[in-house]
Amino acid sequence: MVLAINLPNAVYIFLSSALPESLLIINLAVGVEQFGYGFGFAAYMLYMLYVSSGAHQTAHYAICTGFMALGMMIPGMFSGWLQELLGYQYFFIWVMVATLPSFIVTMLIPLDSSFGRKEDPP
């Protein structure tokens, strides 16, 4: 799922270097982007549910959602400036490099293997 959320960045590198004129290729790229972000954000939302389980679950989920929005807003404030500085192709290459820590951090997340599974009835 970490690969899925980062896949659209690779699609953007392809689009910025190939500059396709075919609507089929462009629509396929948009489809890959939508699938990648949707699948990746689903994983992130499930992790937020995992973290917020227990007492005050709704409040903890709201706090997690706020951190998610902050994590999208702060980079968004600088992304336009950085894109103008680097150009589209190098900007998305930089984005791919910047996402490498997310792969490492994801491997370090402690997860309960029974999370989300139904218990067998007695």
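Can you name the number of the only condition in (1) free of Cβ contacts under 8 Å to residues at least 40 places away in the same chain; (2) farther than 25 Å from SER113 by Cβ that ASN9 fails?
Exception for ASN9: condition (1).
Please enumerate the residues belonging to region 86-110 that are touching a helix residue (DSSP H, G or I) at 6+ places or on another chain (Cβ under 8 Å), among the hydrophobic types (A, V, I, L, M, F, W, C) and over 16 Å from VAL11 (Cα atoms).
Hits for region 86-110 are LEU86, PHE103, ILE109.
Just checking, does region 107-122 include any residue being surrounded by fewer than 13 Cβ atoms within 10 Å (Cβ to Cβ), assigned to a helix (DSSP H, G or I) and not aliphatic (A, V, I, L, M)? Break it down stepwise before answering.
First pass over region 107-122, keeping only residues surrounded by fewer than 13 Cβ atoms within 10 Å (Cβ to Cβ): 107-122.
Still in the list and also assigned to a helix (DSSP H, G or I): 107-108.
Now restrict to residues that are not aliphatic (A, V, I, L, M): none.
No: region 107-122 contains no residue that is surrounded by fewer than 13 Cβ atoms within 10 Å (Cβ to Cβ), assigned to a helix (DSSP H, G or I) and not aliphatic (A, V, I, L, M).
In this structure, is GLY31 part of a helix (DSSP H, G or I), more than 29 Å from SER113 (Cα to Cα) and within 18 Å of the chain's Cα centre (by Cα)?
So GLY31 fits the description; yes.
Scan region 43-89 for residues that are surrounded by 11 or more Cβ atoms within 10 Å (Cβ to Cβ) and not in a helix (DSSP H, G or I) and jot them down.
Result: SER52, SER53, GLY87.
Within region 96-109, identify whether any single residue is more than 19 Å from ASN6 (Cα to Cα) and in contact (Cβ under 8 Å) with a residue 12 or more places away in the chain, and answer yes or no.
no
Using beta carbons and a limit of 9 Å, which pairs, at least six apart or on different chains, have the first residue in region 27-48 and under 23 Å from PHE67 (Cα atoms) and the second one surrounded by fewer than 13 Cβ atoms within 10 Å (Cβ to Cβ) and of a type outside the set (S, T, N, Q)?
That search, which allows pairs on different chains as well, returns GLY36/LEU3; GLY40/LEU3; LEU46/PHE115; LEU46/GLY116; TYR47/ILE109; TYR47/LEU111; MET48/PHE67.
Computed from the coordinates by the stated procedures, all read-outs in this text should not be read as laboratory data. Quantities reported herein were computed from a predicted structural model and do not represent experimental measurements. FYI the Cβ positions are ideal-geometry reconstructions off the backbone, even for glycines, and counts take in every protein chain you see.
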